[in-house]
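Accompanying notes for the structure given below.
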């Protein structure tokens, strides 16, 4: 009997532009710790420390774009995270750097937005969809920026509005005979800073990974309001996993730790860890034996 294969070829990323990322060497796609990858429906983005290549893997002769961010040579800045931003028909690539800058590029490789989140290295960029209200079916996208001991959250609607303005301006400049070339500094001042929430989650030390897993109810004995609370799960560098209740209101931005426990370092995904936490929380705890009370005595 012939050997069965459970894989199907869906595309190819063979491209001469990948030679700048180390393509052509055996194991270049797996053994390079500095190589980052982000996969979309029809495109793939590959990045090393200083440049990014966007390829249409469904059509190798189609879209190819090279991105070389303006990084600070004095601070030895480099690319640390990439992720796709998809809003209906609009697609863009988010890039995080070692200095805490959040960059957004279109599919042509043009810089759309540049913003400093917090001084420090961006570890991960995560995009997730969530329900805006537990009683409604309306959904929203959110972008989570993970840094050592710091979490930032962007509302997807704000990023979508920014991309809509960018594409409208790009279409209007298409008919301009002398389009204006803007550098990163001018672009950083051309639009308002994207509003976002920023939390300090370093109560148990710097984190190696983190994610906002969804909404959660407010603390007990608190007046009900329209205020939203988010649940965040962090994994420390010492394999300590913690869950936090994050307040949306800056005036009440104290981060409350819900749970913290040590887990084996072999766990690699946020989802499996968060499920393990909530299952362990539901298990009944044995009450500790109380000491016997003193008998009443009388002094004679």
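Some points to look at:
- Residue within segment 82-89 that is in a loop (DSSP other than H, G, I, E, B), modelled with pLDDT under 90 and farther than 21 Å from residue 115 by Cα present: yes
To keep it simple, each residue is scored yes or no on (1) assigned by TED's automatic domain parsing to the domain that holds residue 127; (2) at pLDDT 85 or above; (3) over 14 Å from residue 150 (Cβ atoms).
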site	(1), (2), (3)
184	no, no, yes
193	yes, yes, yes
216	no, no, yes
222	no, no, yes
226	no, no, yes
245	no, yes, yes
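The values are calculated or read from the model by the stated rules, or taken from the named source; none is laboratory data. Not measured: the values here are computed from a predicted model. So basically every Cβ, Gly included, is an ideal-geometry build from the backbone, and we count neighbours across all protein chains shown.
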